[in-house]
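The values are calculated or read from the model by the stated rules, or taken from the named source; none is laboratory data. Keep in mind that what you see is a predicted model, and the values were worked out from it rather than measured. Cβ placement follows ideal geometry from the backbone for every residue including glycine, while neighbour counts extend to all protein chains displayed. Keep in mind that these areas ignore ligands, DNA and RNA; they rest on the heavy atoms of the full protein, side chains included. Shrake-Rupley method; radii C 1.70, N 1.55, O 1.52, S 1.80 Å.
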Amino acid sequence: MISKNDKGTNQRMSRAVAFAVKGKHIMLTATAINSLIQHYHSQTPLKMVVQSESIYQADIDFIRTLPALNHQPNISVEFWKPPYDFMKRVSENFSTGTQLPKMVLWRLFLPYYFSTYDQIVYLDNDVLVTTDINELFDQLTEDDVIGGVLDYSNAIYHTPEQVKRFFLPNLSQYINGGVLVMNTKAYRDFVSADRMIAQINKRNYPLGDQSILNITFFNHIHVLPWRFNRQFDRRGLKEYEPLNPSRVHEIESQLDQPGIIHFIHNNHFWSPWEKFSPSTPWEQLWWETFADVMHKRVTSSAEQLKQ
């Protein structure tokens with residue numbers, strides 16, 4: 001984490017938060033953006049950049065108004081085309097290994113595509129931000145390249161076979177790819193765009209972009225506190241506790257004050273939008289944030305229709 005003496009300088013850096021979305025998942029993106037805006041307390045300007053495809057223009061126009069509707073003048077939202085120039089160099093035979101679309105690779109090109117920013121945070125669409133996002137940016141020092149939170153399941157327990165399948169010497173820094181913070185120049189200096197594309201095309205990977213990130217930056221990852229990517233709830237952790245009690249208790253100590261809640265689609269943390277009845281406070285919070293977005297959308301639409 002940066003020192004107090006460095007903090008003022010770091011906050012004057014140009015910073016952007018990036019999302020990537022296609023089609024109907026824009027509702028998740030809007031909810032995540034709304035949560036970030038509601039917890040932003042800094043006077044420093046912040047840009048949100050959304051790489052999007054197949055999104056209705058009316059939805060784009062509405063999401064751009066979310067900062068103003070939340071009375072937050074220091075944030076702006078821009079929509080950008082995906083990194084097609086980079087993606088056309090990715091092999092047609094590339095497979096993510098997880099049945100996810102190739103768009104998961106978009107995040108790998110952010111420091112090249114948005115090179116004017118000093119730092120970029122990438123967030124998956126299935127998140128809620130519950131802290132000022134500058135707290136996440138501030139975790140990196142100027143010497144760091146990329147930061148992320150360890151993947152909960154592999155951090156708690158993994159076998160030698162898993163390590164071999166991930167093409168890594170060990171999983172001591174194996175991070176989840178859904179929440180990332182990058183120093184863009186350091187990222188580009190460490191791995192050029194050509195080298196990144198070569199790494200992507202080298203083979204198919206078991207977990208797509210997440211595998212590529214962990215292989216490319218092995219031993220050069222700043223591991224962030226668990227709270228910045230809350231991937232399980234207590235039910236999920238209880239299942240793992242017999243395998244590694246000390247690691248589970250370490251994660252559990254940060255569960256109640258998460259900075260970012262990541263509703264990963266797994267058997268340990270249900271996606272709130274898959275059912276109407278929330279069963280945890282975090283599912284309830286997602287629905288409240290989504291409902292706030294929809295209230296703003298309906299109110300805005302009603303006013304437009306009157307004109």
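Give the residue, chosen from THR299, THR289, that is of a type in the set (Ser, Thr, Tyr), at pLDDT below 95 and not in a loop (DSSP other than H, G, I, E, B). Even if it seems obvious, please write down each step before you answer.
On the way: THR289 fails: at pLDDT below 95.
Selected residue: THR299, the only one of THR299, THR289 that is of a type in the set (Ser, Thr, Tyr), at pLDDT below 95 and not in a loop (DSSP other than H, G, I, E, B).
Which of the residues that make up the stretch 127-145 are free of Cβ contacts under 8 Å to residues at least 60 places away in the same chain and either at positive phi or touching a Pro at 6+ places or on another chain (Cβ under 8 Å) (or both)? Don't jump to the end; show me each part of the working.
Of the stretch 127-145, the ones free of Cβ contacts under 8 Å to residues at least 60 places away in the same chain are 143.
Result: no residue meets the conditions.
Mind listing whichever residues of the stretch 242-286 are of a type in the set (Ser, Thr, Tyr) and not in a helix (DSSP H, G or I)? If you could, list the steps in order and put the result at the bottom.
Of the residues in the stretch 242-286, the ones of a type in the set (Ser, Thr, Tyr) are 246, 253, 271, 277, 279-280.
If the condition is that a residue be of a type in the set (Ser, Thr, Tyr) and not in a helix (DSSP H, G or I), then SER253, SER271, SER277, SER279, THR280 are the ones that fit.
Looking only at residues in the stretch 226-236 that are of a type outside the set (D, E, K, R) and assigned to a helix (DSSP H, G or I), which one is farthest from GLU252 (Cα to Cα)? Before you say what the answer is, go through the steps one by one.
Step one: filter the stretch 226-236 for residues of a type outside the set (D, E, K, R), giving 226, 228-229, 231-232, 236.
Of the ones still in play, those that are also assigned to a helix (DSSP H, G or I) are 226, 228, 236.
Working: TRP226: 9, PHE228: 13, GLY236: 11 Å.
Among residues in the stretch 226-236 that are of a type outside the set (D, E, K, R) and assigned to a helix (DSSP H, G or I), the one farthest from GLU252 (Cα to Cα) is PHE228.
Spot the failing condition for PHE167; the list is (1) touching a strand residue (DSSP E or B) at 6+ places or on another chain (Cβ under 7 Å); (2) among the aromatic types (Phe, Trp, Tyr); (3) in a loop (DSSP other than H, G, I, E, B), and only one is missed.
(1)
Go through (1) buried (at least 21 other Cβ atoms within 10 Å of the Cβ); (2) assigned to a helix (DSSP H, G or I) one by one and return the number of the condition TYR122 breaks.
(2)
Quick one: count up the residues across the stretch 57-73 that are in contact with a helix residue (DSSP H, G or I) (Cβ under 8 Å, 6 or more places away or on another chain) and either touching a residue at least 24 places away in the same chain (Cβ under 8 Å) or within 15 Å of LYS24 (Cα to Cα) (or both). Can you show your working first?
Step one: list which residues in the stretch 57-73 are in contact with a helix residue (DSSP H, G or I) (Cβ under 8 Å, 6 or more places away or on another chain), which gives 59, 62-63, 65-67, 69-70, 72-73.
Checking the rest, the ones that are also either touching a residue at least 24 places away in the same chain (Cβ under 8 Å) or within 15 Å of LYS24 (Cα to Cα) (or both) come to 59, 62-63, 65-67, 69-70, 72.
Counting residues in the stretch 57-73 that are in contact with a helix residue (DSSP H, G or I) (Cβ under 8 Å, 6 or more places away or on another chain) and either touching a residue at least 24 places away in the same chain (Cβ under 8 Å) or within 15 Å of LYS24 (Cα to Cα) (or both) gives 9.
Of the conditions (1) buried (at least 20 other Cβ atoms within 10 Å of the Cβ); (2) under 14 Å from the mean Cα position of the chain (by Cα), VAL104 fails just one. Which one is it?
(1)
Working only within the stretch 136-145, note down all residues that are under 25 Å from SER35 (Cβ atoms), touching a helix residue (DSSP H, G or I) at 6+ places or on another chain (Cβ under 8 Å) and surrounded by fewer than 23 Cβ atoms within 10 Å (Cβ to Cβ).
Those that are under 25 Å from SER35 (Cβ atoms), touching a helix residue (DSSP H, G or I) at 6+ places or on another chain (Cβ under 8 Å) and surrounded by fewer than 23 Cβ atoms within 10 Å (Cβ to Cβ): ASP138, GLN139.
Among the residues of the stretch 172-181, write down those that are open to solvent by less than 10 Å² (accessible area, probe 1.4 Å) and either in contact with a Pro (Cβ under 7 Å, 6 or more places away or on another chain) or over 16 Å from ARG107 (Cβ atoms) (or both).
Within the stretch 172-181, just TYR174 meets the criteria.
Looking only at residues that are in contact with a Ser or Thr (Cβ under 6 Å, 6 or more places away or on another chain) and surrounded by 22 or more Cβ atoms within 10 Å (Cβ to Cβ) in the stretch 125-135, which one is nearest to LEU224 (Cα to Cα)?
Per the stated criteria, the residue is VAL129.
In the stretch 233-265, what count of residues is obtained for those that are open to solvent by less than 60 Å² (accessible area, probe 1.4 Å) and in contact with a Ser or Thr (Cβ under 8 Å, 6 or more places away or on another chain)?
The number of residues fulfilling the criteria is 7.
Among the candidates ASP124, ASP118, ASP132, ASP151, single out the residue that is at pLDDT 95 or above, more than 15 Å from the chain's Cα centre (by Cα) and not aromatic (Phe, Trp, Tyr).
Numbers: ASP124 fails: more than 15 Å from the chain's Cα centre (by Cα); ASP132 fails: more than 15 Å from the chain's Cα centre (by Cα); ASP151 fails: more than 15 Å from the chain's Cα centre (by Cα).
Checking each option against the conditions leaves just ASP118.
So which pairs qualify, if the first residue must be in the stretch 146-173 and in contact (Cβ under 8 Å) with a residue 60 or more places away in the chain, the second must be surrounded by fewer than 17 Cβ atoms within 10 Å (Cβ to Cβ) and part of a strand (DSSP E or B), the Cβ gap must be under 7 Å, and the two must be at least 6 apart or on different chains?
Once the first residue is in contact (Cβ under 8 Å) with a residue 60 or more places away in the chain and sits in the stretch 146-173, its partners that are surrounded by fewer than 17 Cβ atoms within 10 Å (Cβ to Cβ) and part of a strand (DSSP E or B) give LEU150/VAL223.
So that you can scan it fast, the table gives a plain yes or no per residue for (1) modelled with pLDDT of 95 or more; (2) more than 19 Å from the chain's Cα centre (by Cα); (3) more than 22 Å from ARG247 (Cα to Cα):
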| position | (1), (2), (3) |
| --- | --- |
| VAL163 | no, yes, no |
| ASN170 | yes, yes, no |
| GLY178 | yes, no, no |
| TYR187 | yes, no, yes |
| PHE228 | yes, no, no |
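Looking only at helices (runs of 4 or more DSSP H) that fall completely inside the stretch 182-225, which ones have 1 or more residues that are of a type in the set (Val, Ile, Thr), open to solvent by less than 60 Å² (accessible area, probe 1.4 Å) and under 18 Å from GLY147 (Cβ atoms)? Don't jump to the end; show me each part of the working.
Details: elements: 184-190, 193-202, 208-216.
Answer list for the stretch 182-225: 184-190, 208-216.
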